[in-house]
Amino acid sequence: MLSFYNTQTRKIEEFIPGGERKQSTNDYNPVKIYSCGPTVYGYAHIGNFRTFVFNDILRRYLKFRGYKVDHTMNITDVDDKTIRGANEKGITLNQYTQHYTEIFFKDLKLLNIEEVEHYPRATDSIESMNELIKKLTKKGLTYNKDGSTYFAISKYADYGKLSHIDSESIKTGTRYDTDEYTKDDVRDFALWKAVQNDEPGWQIECGYGRPGWHIECSAMIRKVYNSTIDIHTGGVDLIFPHHENEIAQSEAAYNEQFVRYWLHAEHLLVDNSKMSKSKGNFYTLHDLIEKDFSPRAIRFLLSTAHYRKQFNFTLENLKNASQPLSRIDNVIALSKNSKIEGPLSDYISDICESCISGFTEAMDSDLNVAKASASLFDLITRVNKYNSDNQLSKKDADLILETLRQIDSVFGFIFMEDTKVIDISEEEINKLIEERLTARQNKDYKRSDQIRDYLAENGIILEDSKDGTRWKKS
Ligand code: AMP
Ligand code: ZN
């Protein structure tokens with residue numbers, strides 16, 4: 001049974017898309033997922049990518065379980081930061097955000113993050129924002145001050161149900177952004193903002209201005225789905241006030257549940273503090289690639305840490321990712337090289353089956369990736385062990401590769417492009433062992449060590465004894 005931790009109810013809940021149980025996962029309408037996307041004013045950092053990789057694992061796992069998905073990620077292409085950036089560069093907002101949107105899409109590809117079905121941009125969704133503000137105004141939930149339109153929280157009784165924040169206590173202003181002094185009440189937030197001279201603006205029915213931050217997501221969700229959605233995701237920093245405000249706007253305007261399951265990813269930390277642009281403690285994907293780390297290692301690291309646990313990022317743990325990845329590569333190479341005819345062994349068939357069932361059980365439990373990857377590495381270890389005593393038949397190898405492919409449809413780092421598949425034949429290994437023996441007889445220890453290291457990098461371990469040198473796969 002697939003279940004998720006729902007931030008709103010603070011409980012692990014069985015996942016039932018559409019709110020009504022069906023016979024099989026196949027029978028459900030596509031699962032409607034919305035993920036808050038990037039603000040495109042610079043390179044996203046790998047803290048952001050932690051959340052985006054989590055979205056990807058969620059989406060892929062739903063498909064693995066047989067659900068169809070209909071997934072949206074918005075692009076925030078108008079806010080203080082994008083406007084400031086475009087003005088500083090002396091280019092239009094559109095030119096500026098287009099540039100960073102393209103970089104963002106390239107980064108998603110590099111990390112093997114699947115394309116989703118919809119990528120609406122805030123500036124293409126102005127009409128939907130107009131509709132939403134009009135509905136709220138008709139219900140008497142908005143007011144206009146100094147050219148901006150605000151949502152009046154005091155008139156909305158349900159405020160605070162996601163973050164469990166007592167709406168009265170927000171009045172003190174201690175947990176709320178109190179920058180906008182023109183508001184009637186510190187809790188209120190701008191739906192539509194008056195623009196300064198050098199800012200871009202749009203004429204809608206409540207006035208000339210630009211979108212407030214929260215209205216964008218509510219409007220885009222309405223535009224794409226026009227109904228309650230199943231899952232809404234984002235980083236935990238968005239729970240309050242962003243998602244709380246999204247709920248207030250959407251439920252007040254449309255009188256129906258906005259979201260069934262709220263899933264939030266914990267932060268990626270550096271030296272135990274949140275990775276963020278404002279703190280300057282961030283790495284972009286490109287920073288890490290320049291340091292010679294592979295996108296595959298980065299994906300591995302980001303996808304094997306549970307999304308509800310904070311994760312402290314270090315270059316050291318990124319370095320350490322290469323070892324488990326090369327263990328996977330060795331099994332892939334071993335399986336691809338198998339040419340032996342023969343039956344499928346019961347042992348291999350059993351370990352493949354228990355790998356998939358262990359993986360599924362773990363992922364069903366609120367996407368427990370740590371446990372799920374333990375199932376994967378259990379398979380890897382057992383195949384290596386089996387292979388050192390027996391030889392994998394072609395049928396065994398095919399089943400192993402098929403099992404890895406299934407797991408990879410979720411994890412995405414197993415067969416990822418920069419996989420270094422080691423293709424070293426037995427003939428080559430034996431030749432190198434001979435060469436190493438000659439080098440040792442000639443006291444050329446440098447060469448003999450070189451050969452040992454080269455073979456080790458390729459997953460071949462040498463064992464010297466008085467009877468000669470034996471080799472096995474690591
Ligand atoms: P932004 O571009 O700032 O709007 O953020 C895009 C997404 O990244 C949001 O879902 C944020 O919650 C998330 N995010 C920002 N910083 C981090 C971090 N250090 N760790 C994990 N997710 C983050
Ligand atoms: Zn959002």
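Reported count of residues in region 1-16, each being more than 23 Å from Leu269 (Cα to Cα), part of a loop (DSSP other than H, G, I, E, B) and in contact with a helix residue (DSSP H, G or I) (Cβ under 9 Å, 6 or more places away or on another chain), is 4. Looking across region 235-293 at every residue that is under 22 Å from the mean Cα position of the chain (by Cα) and aromatic (Phe, Trp, Tyr), the one that is farthest from ligand 2 (Cβ to nearest atom) is identified as Phe293.
Counting only residues that are part of a loop (DSSP other than H, G, I, E, B) and free of Cβ contacts under 8 Å to residues at least 24 places away in the same chain, region 17-59 holds 4 of them. Is there a residue in region 62-78 that is part of a helix (DSSP H, G or I) and either among the aliphatic types (A, V, I, L, M) or within 10 Å of ligand 1 (Cβ to nearest atom) (or both)? Yes, region 62-78 has at least one match. Condition check for Asn94 on (1) outside any helix (DSSP H, G or I); (2) more than 16 Å from ligand 2 (Cβ to nearest atom): one failure, at (1). Here Glu168 meets the list (1) modelled with pLDDT of 95 or more; (2) surrounded by fewer than 19 Cβ atoms within 10 Å (Cβ to Cβ); (3) more than 16 Å from ligand 1 (Cβ to nearest atom) almost entirely, failing just condition (1).
Within region 397-417, is there a residue that is of a type in the set (Lys, Arg) and farther than 24 Å from Tyr347 by Cα? Step through it out loud before you land on a result.
The initial filter retains those residues of region 397-417 that are of a type in the set (Lys, Arg), namely 405.
If we keep only those that are farther than 24 Å from Tyr347 by Cα too, we end up with none.
No, that holds for no residue.
Restricting attention to region 207-228, the residues that are more than 16 Å from ligand 1 (Cβ to nearest atom) and either surrounded by fewer than 22 Cβ atoms within 10 Å (Cβ to Cβ) or not small (Gly, Ala, Ser) (or both) add up to 11. Among the residues making up region 70-102, those that are hydrophobic (A, V, I, L, M, F, W, C) and surrounded by fewer than 20 Cβ atoms within 10 Å (Cβ to Cβ) are Ile91, Leu93.
Residue by residue, here is whether (1) closer than 30 Å to Thr123 by Cα; (2) over 15 Å from the mean Cα position of the chain (by Cα); (3) surrounded by 20 or more Cβ atoms within 10 Å (Cβ to Cβ); (4) of a type in the set (Ser, Thr, Tyr) holds:
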position: Lys11; (1), (2), (3), (4): no, yes, no, no
position: Gly19; (1), (2), (3), (4): no, yes, no, no
position: Pro38; (1), (2), (3), (4): yes, no, yes, no
position: Val53; (1), (2), (3), (4): yes, no, yes, no
position: Tyr61; (1), (2), (3), (4): no, no, yes, yes
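For every residue, the table says whether it meets (1) under 17 Å from Arg260 (Cα atoms); (2) aliphatic (A, V, I, L, M); (3) touching a helix residue (DSSP H, G or I) at 6+ places or on another chain (Cβ under 9 Å).
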residue: Gln23; (1), (2), (3): no, no, no
residue: Pro30; (1), (2), (3): yes, no, yes
residue: Tyr34; (1), (2), (3): yes, no, yes
residue: Glu102; (1), (2), (3): no, no, no
residue: Leu108; (1), (2), (3): no, yes, yes
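The set of residues from region 332-380 being under 18 Å from Tyr61 (Cα atoms), part of a helix (DSSP H, G or I) and touching a strand residue (DSSP E or B) at 6+ places or on another chain (Cβ under 7 Å) comprises just one member, Asp364. Just checking, how many residues over region 1-50 are within 16 Å of ligand 2 (Cβ to nearest atom), of a type in the set (A, V, I, L, M, F, W, C) and over 30 Å from Gly280 (Cβ atoms)? Adding up the residues that qualify gives 1. Please enumerate the residues belonging to region 428-467 that are touching a residue at least 24 places away in the same chain (Cβ under 8 Å) and farther than 19 Å from Val331 by Cβ. Hits for region 428-467 are Ile433, Arg436, Leu437, Leu462.
So which of Ile400, Ile424 is touching a residue at least 60 places away in the same chain (Cβ under 8 Å), surrounded by 14 or more Cβ atoms within 10 Å (Cβ to Cβ) and outside any helix (DSSP H, G or I)?
On the way: Ile400 fails: outside any helix (DSSP H, G or I).
Being touching a residue at least 60 places away in the same chain (Cβ under 8 Å), surrounded by 14 or more Cβ atoms within 10 Å (Cβ to Cβ) and outside any helix (DSSP H, G or I) holds for just one of Ile400, Ile424, which is Ile424.
Could you say whether any residue in region 318-329 is of a type outside the set (D, E, K, R), without any contact (Cβ under 8 Å) to a residue 12 or more places away in the chain and closer than 26 Å to Glu266 by Cβ? Don't jump to the end; show me each part of the working.
We begin by selecting, within region 318-329, every residue of a type outside the set (D, E, K, R); these are 318, 320-326, 328.
In the following step, the residues that additionally are without any contact (Cβ under 8 Å) to a residue 12 or more places away in the chain were identified as 320, 323.
Add one more test, that the residue is closer than 26 Å to Glu266 by Cβ, and what stays is 320, 323.
The answer is yes; a qualifying residue exists.
The values are calculated or read from the model by the stated rules, or taken from the named source; none is laboratory data. It should be emphasised that the depicted structure is a prediction, and the values quoted were computed from it without experimental measurement. Glycine also receives a Cβ, built like all others from the backbone with ideal geometry; neighbour counts cover every protein chain displayed.
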